[in-house]
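Take a look at the structure below.
The values are calculated or read from the model by the stated rules, or taken from the named source; none is laboratory data. Note that the structure is predicted; figures quoted are calculated from it, not measured. Note that we place each Cβ from the backbone using ideal geometry, even for glycine, and neighbour counts take in every protein chain shown. These area figures cover heavy atoms from the full protein model, side chains too; ligands, DNA and RNA do not enter into them. Shrake-Rupley method; radii C 1.70, N 1.55, O 1.52, S 1.80 Å.
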Amino acid sequence: MDSKFFSIINRASSTSSMQQSHNFSEILAENAILRRSYYTSRNRKAGLYSKISPLGSPNISVLPELESWVEKGNKVRVAELQRIIHDFRKRKRFSQALEVSEWIHKKGICSFSPTEYAVQLDLIGRVRGFLSAENYFNNLKDLDKTDKTYGALLNCYVRQRQIDKSLAHLEKMKKLGFASSPLTYNDIMCLYTNVGQVEKVPYVLNEMKINKVSPDNFSYRICINSYGARSDIGGMENILKEMETQPQIAMDWNTYAVVANFYTKAGLIGKAVDALKKAEVRLDKKDGLGFNHLISLYATLGNTTEVLRLWSLEKNSCNRHINRDYITMMQSLVKLGEFEEAEKLLKEWDLSGNCYDFRVPNIIVIGYTGKGLFEKAETLLEDLMEKGKASTPNSWGMVGKGYFDKGNMEKALKCLKVALSIHVENKEWKPNSTVVEGLLSWIGDKGRVEDADSFLCSLRNVIPINKQM
């Protein structure tokens, strides 16, 4: 399993211990689709790529840059264009990747093989939907309808949860001999997982074995998830034992981490710890994402000692610690109620040289507020503002509501005023209506006309003001 899978899964698990198995199924499906690789080119020469890559917004067309490149007499290298498409797909800039692919075909820069057609079909499905992808597939020549293009169309159906079309397409692939890869069956298992029919996943795994298609790590992991999602720990353990005995399988840390998560949900703490130990043994000591995931799982178990030990090991093993790593560790410490350690970590992050990211200190702000430590939360936000660091109206509003619920109207009003003053940077935020009405009533009772006018003036930029207010 590639690291992309757990970079996604870590964000879900670190906030709520992977939340529900339904969310996990979304991750499984996304990973199965992304794992279908078409290009292996690693051309790193500077050129057109350096011109197009910075166009980060998916809404920006890359066609003017492509046309300008050609008009200036520059060479167009197929390998570089393929690299651009690969990079855009990896970064989920699918519209731009499709533009490049269609531009290549329109200009006749190279003859498309089934590989290029498969990539374009996949992109069409992502950008325009499965019906457009289906139409594109139907218009291909028969010699271009290979296992790659058939597989790409299956991905489109699966991604948009088209059960009947996916199953009918699978049957066609079987008849043509195109269902010999575990990827095809993995897609179907992900489909069942995504639509909540996890009980059907083991049958697909059995069908793979009957058809002499060897399951890969991901096949077993999806099946393990299907049993875990149904709280069938016995079934999960049987599949794990089978996986461990397969000669083609090299056991990985991801699988044991998934198992540990379900043991934790079942309250089998000892088994969860054993699974995490097995995961750690198989973890590449340079894999920051892996460390982050194990740290999150130990935090869910309430094991502060292991969280701190793994963080120390990660710092000693990995050359660099980015904000994502600090966010994971900060969330874990706050979840454990280890605010003293969290404050130390915040100071460490502040001195790390990493770019400022409000999400890091905001974790402590949320933690303080949840514990009723509104003064600490407010002090932290004020310290950030004094240093010229950005904060959000959401956080100030959250602290203000805490003060309001506690009956401290002066502090609530102060925090809400700050939130309103920085609202322009987050136009989606709206103040809590109960807090607003309560503060207006309180100001009115106090007869503080100037405060009322000032407060109403600030509110006008954020919410509609009626006559009653």
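Worth a mention:
- Close pairs from region 219-239: first farther than 19 Å from Gly267 by Cβ, partner basic (Lys, Arg), Cβ under 9 Å, at least 6 apart: Ser226/Lys200
- When the residues of region 377-388 are filtered to those that are hydrophobic (A, V, I, L, M, F, W, C) and buried (at least 17 other Cβ atoms within 10 Å of the Cβ), the one that is nearest to Gly400 (Cα to Cα) is Ala377.
- Whichever residue in region 349-363 is assigned to a helix (DSSP H, G or I) and open to solvent by 20 Å² or more (accessible area, probe 1.4 Å) and, among such residues, is farthest from Ser433 (Cα to Cα): Asp350
- Test: Val399 is open to solvent by less than 20 Å² (accessible area, probe 1.4 Å), hydrophobic (A, V, I, L, M, F, W, C) and assigned to a helix (DSSP H, G or I): yes
- Some residue of region 173-185 being within 27 Å of the chain's Cα centre (by Cα) and among the basic types (Lys, Arg): no
- Residue match in region 439-450 (condition: open to solvent by less than 40 Å² (accessible area, probe 1.4 Å), modelled with pLDDT under 95 and in contact with a His (Cβ under 8 Å, 6 or more places away or on another chain)): no
- Residue check, Glu314 in a helix (DSSP H, G or I) and closer than 29 Å to Cys415 by Cβ: no
- When region 402-432 is limited to residues that are at pLDDT 90 or above and more than 19 Å from Asp451 (Cβ to Cβ), the one that is nearest to the chain's Cα centre (by Cα) turns out to be Gly402.
- Taking helices (runs of 4 or more DSSP H) as the structural unit, those lying wholly within region 1-119 and holding at least 2 residues that are modelled with pLDDT of 80 or more, open to solvent by 40 Å² or more (accessible area, probe 1.4 Å) and not β-branched (Val, Ile, Thr) correspond to 63-71, 78-90, 94-107.
- Set side by side, the residues Thr379, Thr328 differ, and just one is under 19 Å from Phe291 (Cβ atoms), assigned to a helix (DSSP H, G or I) and among the polar types (S, T, N, Q), which is Thr328.
- The residues of region 245-258 that are over 15 Å from Lys271 (Cβ atoms) and assigned to a helix (DSSP H, G or I), listed by number, are Thr245, Trp253, Asn254.
- The single condition among (1) in a loop (DSSP other than H, G, I, E, B); (2) at pLDDT below 90; (3) open to solvent by less than 70 Å² (accessible area, probe 1.4 Å) that Ser391 does not satisfy is (2).
- Candidate set: region 364-376, residues that are among the hydrophobic types (A, V, I, L, M, F, W, C) and closer than 18 Å to Trp349 by Cα; chosen: the one most open to solvent (accessible area, probe 1.4 Å): Ile366
- Qualifying residue in region 174-191 (condition: β-branched (Val, Ile, Thr), open to solvent by less than 50 Å² (accessible area, probe 1.4 Å), in contact with a helix residue (DSSP H, G or I) (Cβ under 7 Å, 6 or more places away or on another chain) and touching a residue at least 60 places away in the same chain (Cβ under 8 Å)): no
- Every condition in (1) free of Cβ contacts under 8 Å to residues at least 12 places away in the same chain; (2) within 23 Å of Tyr256 (Cα to Cα) holds for Val307 except the one numbered (1).
- Annotation note: Cβ proximity below 7 Å between a residue of region 260-283 that is touching a residue at least 24 places away in the same chain (Cβ under 8 Å) and a residue that is open to solvent by 80 Å² or more (accessible area, probe 1.4 Å) (sequence gap 6+ or interchain) occurs for Tyr263/Lys271; Ala266/Ser231.
- Among the residues examined, Val204 qualifies as under 18 Å from Leu183 (Cβ atoms), free of Cβ contacts under 8 Å to residues at least 40 places away in the same chain and open to solvent by less than 20 Å² (accessible area, probe 1.4 Å).
- Residue under evaluation Asp357, criteria (1) among the acidic types (Asp, Glu); (2) out of contact with any helix residue (DSSP H, G or I) (no Cβ under 9 Å at 6 or more places or on another chain); (3) closer than 30 Å to Lys315 by Cα, criterion not met: (2)
- The set of residues from region 295-305 being in a helix (DSSP H, G or I) and either more than 22 Å from the chain's Cα centre (by Cα) or over 22 Å from Phe339 (Cβ atoms) (or both) comprises Leu301, Thr304, Thr305.
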